[in-house]
Amino acid sequence: MGAQNSLIEAAQQALENSIIYYQGEPVGTVAASDPEVEALNYDQCFVRDFVSSALVFLMNGKPEIVRNFLTQTLTLQVCEKKMDCFTPGQGLMPASFKVESKDGEEYLKADFGEQAIARVTPIDSSLWWLILLRAYVKATGDIALAYQPEFQKGIHLILELCLTARFDMFPTLLVPDGSCMIDRRMGIYGYPLDIQALFYGALRSAQELLLPNPSNATYIESVNTRLSHLIYHIQKYYWLDLERLNEIYRYKSEEFGETAVNKFNLYPTSIPEWLYEWLPDTGGYLAGNLGPAWMDFRFFAVGNLMAILTSLANQQQSQAIMNLIEQRWTDLVGHMPMKICFPAVEGRDWQTITGCDPKNIPWSYHNGGNWPVLLWMLAAAAQKTGRGELIHKALEIAENRLLKDQWAEYYDGKSGRLVGKEARKFQTWTIAGFLVAKDLTANPDRLALISFEEDSSAIACTL
Ligand code: GLC
């Protein structure tokens, strides 16, 4: 018990040390404070990284920093519509920000990807921002914040950005590669699950946060319609279990017209060989991506775990995802919860998909590395599905290593035994992810901050 307490205290202290102040107020946390490595942009507050910290603060009864973060990032959101392609799109939230000063005056400088490695667009930031705003309201009851005109405007801008008609005709969101936690080229352009699960969670959040007045009627209606189309599409077409795999395996191709069964013209020979044996009888998961003649059969953790939490996956599917994690524990959890995606791309695939990225070599970093931040999503998903034993098992593994390894950013190797080649130490979301997982086991009711009930109108649509 003593060791447990000192571990939690060490984590709390490290989280405290990561706080960024702006004009004397706490506004966020740095991504990492590794004294031995050049900071690059890890001294900034990343929107996606801050979500884990924010959950800890909300759980610890310290909502002010979350409120400040939401308010300040809202001022950074792009509000202008410009016709030039060198400025970020209207409604976008930054990937990260930092405090700078000029003539003795502090100001916040945002990065929308113009400075990030490979200039990747942070599509997930706006989605996480909405999910976090809803978590803040759940924790504090302060719906008045979300109802403020500036916040309603911010929500409108995000919705306009996501819901406008585009070149395609799918309910899923079309995005470029590297637009989320996996912010390097990893073949996740198009309709990656990680983004779709956050998109679904963001729309569910907007549904709760939009002031129910006549001027919001069109937004509310668009959100409702998109939600029901999105859930239908993902539950039906992304789902993979043995039965579904067998269907795809026997698909006819080149079907034309409305009655086509093989809607996306998937070719059975594109099913990778590893999947035949890997998929357990009682397990299943949502595929990584789906587009014309393309299903990405890789398992992605954020997408699947967030699908459970947001109820994008139905109850049966959620149980099957947890069965898969349990039965493929060595592959998906191994020596550190949990793998960001499985399996790694190797050989010629690695060359073409990553562009020969030396940071994303097989079983490292985004390409099949293990990320302790995912512990909180795993714990929350396990709790939601009534699989408490898995939380304890995962926590035990993490507890043995996290402090010793100084809160490493990620782990390498097929089963995640090695501290990642270029992993930062004192990575804030590793610290916060552990604290959230710990807190959820002690206070299961806090799951409500990040979890959504099944949407009954959506169920009707899928029948
Ligand atoms: C890396 C990760 C990204 C994270 C950032 C800060 O770029 O790929 O997901 O937000 O580091 O930790």
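What order, most packed first, do the peptides 347-357, 107-117 have when packing is the mean number of other Cβ atoms within 10 Å of each residue?
107-117, 347-357
Treat each spin label as a single point 7 Å out from the Cα along the C-beta direction, and report the K359 to M169 distance in nm.
Rounded to a tenth, the inter-label distance reads 4.0 nm.
Quick check: pseudo-label points 7 Å beyond the Cα along Cα→Cβ at E208 and N400, how many nm apart are they?
It works out to 3.7 nm between the two label points.
What does the extension gain come out to for N216 and E36, with contour length at 0.36 nm per residue minus their alpha carbon separation?
Working it through step by step, the gained length comes to 59.8 nm.
Quick one: if you stick a label point 7 Å off each Cα along the C-beta vector at K421 and V261, how many nm between them?
Calculated label separation equals 4.5 nm.
Per DSSP H run of at least 4 residues, take -39500 (n - 2.57); add these up for the chain, divide by its residues and hand me the 222 nm value, nearest 500 deg cm²/dmol.
Values: 18 runs with 210 residues, N = 463.
Roughly -14000 deg cm²/dmol at 222 nm, from the helical runs in the chain.
Quote to one decimal, in nm, the extra length available between K81 and N224 on full extension: 0.36 nm per residue of separation minus the C-alpha distance between them.
Working it through step by step, the gained length comes to 48.9 nm.
Tell me the net charge near A301. Cut-off is 10 Å between Cβ atoms, A301 excluded, with +1 for each Lys or Arg and -1 for each Asp or Glu.
0
Take the alpha carbon atoms of the range 11-35, find their center, do the same for the range 226-267, and report the distance between the two centers in whole angstrom.
Using only Cα atoms to place each centre, the spacing works out to 46 Å.
List the residues, sorted by chain then number, that are 5 or more residues from L290 or on another chain and whose placed amide H is less than 5 Å from its amide H.
Those qualifying (amide H under 5 Å, at least 5 residues apart or on another chain) are Y191, D296.
Please list, ordered by chain and number, the residues whose modelled amide H lies under 5 Å from the amide H of F299; skip anything fewer than 5 residues away on the same chain.
F342
Tell me, W274, W376, W429 in order of fewest to most beta-carbon neighbours within 10 Å?
W274, W376, W429
Count the net charge of all other residues whose Cβ sits under 10 Å from the Cβ of D177, scoring Lys and Arg as +1 and Asp and Glu as -1. The partial results should precede the final answer.
Working: positive: R184, R185; negative: D183.
Its environment carries a net charge of +1.
What FRET efficiency comes out for the pair T269/E106, r = Cβ-Cβ distance, R0 = 56 Å, nearest 0.05? Kindly include the intermediate steps, with their values, before the conclusion.
Working: r = 58 Å, r/R0 = 1.04.
The computed FRET efficiency comes out at 0.45.
Less than 17 Å apart at the alpha-carbon level, and either on another chain or at least 8 residues along: which lysines does that give for K263?
Correct list for K263: K236, K252.
Once the piece of chain linking I117 and T140 is laid out straight, how much longer is it, given 0.36 nm per residue of separation minus the C-alpha distance between them?
Numbers: separation 23, 0.36 × 23 = 8.28 nm, distance 3.66 nm.
So the extension gain works out to 4.6 nm.
List residues of the range 194-238, by number, whose backbone nitrogen lies under 15 Å from a label position 7 Å along Cα→C-beta of Y147.
Counting backbone N atoms under 15 Å from the label point, the list is 208-216.
Which lysines, on any chain, are close to K153 with Cα under 24 Å apart, when same-chain ones fewer than 8 places away are left out?
K81, K82, K98, K109, K138
Check cross-link reach from K404 to the lysines: straight Cα distance under 19 Å, and skip same-chain residues fewer than eight apart.
Of all the lysines, those that pass the test against K404 - Cα under 19 Å, at least 8 places apart if same chain - are K393, K421, K425, K438.
In whole Å, what is the distance between the alpha-carbon centres of the range 127-143 and the range 377-400?
24 Å
Taking other Cβ within 10 Å of each residue's Cβ, how do T430, T87 sort, fewest first?
Lowest to highest Cβ neighbour count: T87, T430.
Going by a ≥ b ≥ c, the root eigenvalues of the Cα gyration tensor, does the chain fall in the rounded group (a/c under 1.5), the prolate group (a/b larger than b/c) or the oblate group?
Verdict is rounded for the chain.
Residues with amide H under 5 Å of M338's amide H, sequence separation 5 or more or different chain, H placed in the peptide plane at 1.01 Å from N; which?
W371, L374, L375
Taken together, the values in this text are just the output of simple stated rules run on the coordinates, not laboratory data. Owing to the predicted nature of the structure, the values given are computational and were not obtained by experimental measurement. Here the Cβ is made from the backbone with ideal geometry for all residues, glycine too, and neighbour counts use every protein chain on show.
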